[in-house]
Structure formats: C-alpha cells, structure tokens
Amino acid sequence: QSFDASVDTSTAYVPTVSAIAQQTAVDKISIADILPYIWAGGVAIMLLYMLISFVRVKLMVREAVPYKDNIYLCDHVHSPFVLGIVNPKIYLSSSMSKREMNLVINHERTHIRHGDNIWKPFAFLLLSVYWFNPLCFVAYFLFVKDIELFCDESVTKTLSRTARKKYSYALLGFSKRRMTVSACPLAFGEVSVKSRIKSVLNYKKPALWVIIVALVSSAIVGICFLTDPKTPEDPTTTIEYAVAQAILEESEPAYYDTDTECA
C-alpha cells in the first residue's frame, strides 16, 4: 500500500509483543485460578482454629492435679472432658461428688476405649479439607452427637431406671456449667444434653431386624455415594479399533478403476 503523508502518525500507539502478551495473560485469569488459594486459606483458618482452641484448653488445665490413673482434677474445669490423642487424659471438676465421678468416669473411659479421641480429630481434618461444603459441617456435628449418644448407651444399658435418672441429673448439671471445651476438636465436652437425657431415660434395646436394616441401608448408601458411574468407553481408543484401522489401511488399493464396480 502507498503511504499517505498527510496522516500524522507521530503519536500513534503501536502495541509491542510483550504488551500484547501481558494483556493476554491478564485476560486469561479466571475464578478457577483463584479458587485453589481460597480453598487453601479456608483450610489454614480451620487448622488455626483447632490449634488455638487446643492451646486455650491446655492453659485452662495447667494447674490440674492427678487423681488416679489418667484422671485429673482441676478447679477451673466445670464440665468433664477428655483431652489428648496419644495419651488422653480425663479432666474432672474438683467440686464433683463421688457419685457423679463414678458415672462420668465410665462415660469418659468409654470414649477412650472406642478411640473417639482419634476419630474426632480425624473427622475435623476431613471437615477442614471440605470446609466449602455445608453438608460436611452438618455431618461433623451429627457425628459428634452420635459419639456422645453411643457412650451414654454403653454406660446406661446395664443401669437400673433409678441409676439412669441419676445419670441424667448429672448431665443436666453439666449443661448448666457448659464451657467451650466441646468446641475444641481435640477434646470431648458435654453436647446435646437435652436429646441425650431423653435417650437415656427412654432407652430400649433395638430389635435385631432394625440393626440389620440399618447396616444394609448404610452399605447401599455408601456404595452409591462413594463410587462414580462407569462412563462408556470411546470405541476409537480401543486396541481392537486400532488393529482394524491398520488392516484397512494396508488393504486399501493405491488407485481406483472408475470403469469397474470394484476398486
């Protein structure tokens, strides 16, 4: 093309290659690139919360004195709980009566015997990874509640009606002095006291058919939700297709006779 000298090009901007590349890189940044950093920040906040809550509870029981075995008494403890993973300890209030101690110690020892001091932190780690899913929070809180209900059932299934009432009164007393221990992922405090009292007082041994139906239902639901549906295989990616394609290519003639029906 011919150059028109009447056009003033002294201030015209011609983008360089580097400027175009930078602009293209900025345009390519999307929400998918930012999501991993948001997820990592959420995981860090959850883990930081677990660490801070653990340190707070440890500071609260730093003046605890040994009672017997792995049981400690502390003036600052108003509700019994278990703390620790490798070497779990039971902390009780110094003002508890002997009757309350016997009931509570059996409950807390059941936690340790069932390994709840390991399962609860593991469940919280899973919650930390999937913090963006609100159903995981619901599952975590229901899991903690089920742990307490199971320990209550293990302790009270051999008790008389009168003994279960005493156990319920002890739970009710702890609920009045509720503390922040139950929120710590590495400790077990008293939670869902109202539903637990109802469960203790109305305890009935479940029928065998109910247990079987529950186990079968859990297995079916687990298989359905923990597996992915099998996707149809692309026939063009199979070995058989590749072999057939190679045979056809080798048998294909180099020219075609237009005067005949066959090539």
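The values are calculated or read from the model by the stated rules, or taken from the named source; none is laboratory data. Note that the coordinates shown come from a computational prediction; the quantities given were computed from them, not determined experimentally. Cβ sites come from the backbone with ideal geometry, for glycine too, and all protein chains shown count toward neighbours. The area values use the complete protein model at the heavy-atom level, side chains included, leaving out ligands, DNA and RNA. Shrake-Rupley method; radii C 1.70, N 1.55, O 1.52, S 1.80 Å.
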Quiz prompt | Checking Val104 against (1) in a helix (DSSP H, G or I); (2) free of Cβ contacts under 8 Å to residues at least 40 places away in the same chain; (3) within 23 Å of Met60 (Cβ to Cβ), the condition it does not meet | solution = (2)
Exercise. Being open to solvent by less than 60 Å² (accessible area, probe 1.4 Å) and not polar (S, T, N, Q) is the filter; apply it to segment 140-156 and report the residue that is farthest from the chain's Cα centre (by Cα).
Key: Val155
Self-check item: Number of positions in segment 123-139 that are assigned to a loop (DSSP other than H, G, I, E, B) and surrounded by 14 or more Cβ atoms within 10 Å (Cβ to Cβ)
Solution: 2
Quiz item: Only one residue in Asn106, Asn133, Asn87 is within 20 Å of the chain's Cα centre (by Cα) and among the polar types (S, T, N, Q), so which one is that?
Solution: Asn133
Quiz item: Yes or no: Ser95 in a loop (DSSP other than H, G, I, E, B), polar (S, T, N, Q) and either modelled with pLDDT of 85 or more or within 31 Å of the chain's Cα centre (by Cα) (or both)?
Solution: no
Quiz item: Name the residues in segment 71-87 that are out of contact with any Phe, Trp or Tyr (no Cβ under 9 Å at 6 or more places or on another chain) and more than 21 Å from Phe141 (Cα to Cα), would you?
Solution: Asp75, His76, Val86, Asn87
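Conditions tested, residue by residue: (1) open to solvent by less than 50 Å² (accessible area, probe 1.4 Å); (2) of a type in the set (D, E, K, R); (3) under 25 Å from Lys165 (Cβ atoms).
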| site | (1), (2), (3) |
| --- | --- |
| Leu51 | no, no, no |
| Val57 | yes, no, no |
| Asp69 | no, yes, no |
| Val77 | yes, no, yes |
| Ser95 | no, no, yes |
Practice problem: Check whether at least one residue in segment 173-182 is aliphatic (A, V, I, L, M) and at pLDDT below 75, and report yes or no. | Solution: yes
Exercise. Would you kindly identify the strands (runs of 3 or more DSSP E) lying entirely within segment 36-90 that contain at least 1 residues that are farther than 18 Å from Asn106 by Cα?
Key: 65-68, 71-74
Practice problem: Return the pairs, sorted by first residue and then second, in which the second residue is open to solvent by 80 Å² or more (accessible area, probe 1.4 Å) and hydroxyl-bearing (Ser, Thr, Tyr), the first residue lies in segment 123-149 and is within 18 Å of Leu47 (Cα to Cα) and without any contact (Cβ under 8 Å) to a residue 12 or more places away in the chain, the beta carbons are less than 9 Å apart, and the residues are 6+ apart or on different chains. | Solution: Cys136/Tyr130
Self-check item: Matching entry among Lys204, Lys120, Lys166, Lys145 (being modelled with pLDDT under 75, of a type in the set (D, E, K, R) and assigned to a helix (DSSP H, G or I))
Solution: Lys166
Quiz item: Could you list, in sequence order, the residues of segment 44-75 that are among the basic types (Lys, Arg) and within 19 Å of Phe124 (Cα to Cα)?
Solution: Arg56, Lys58
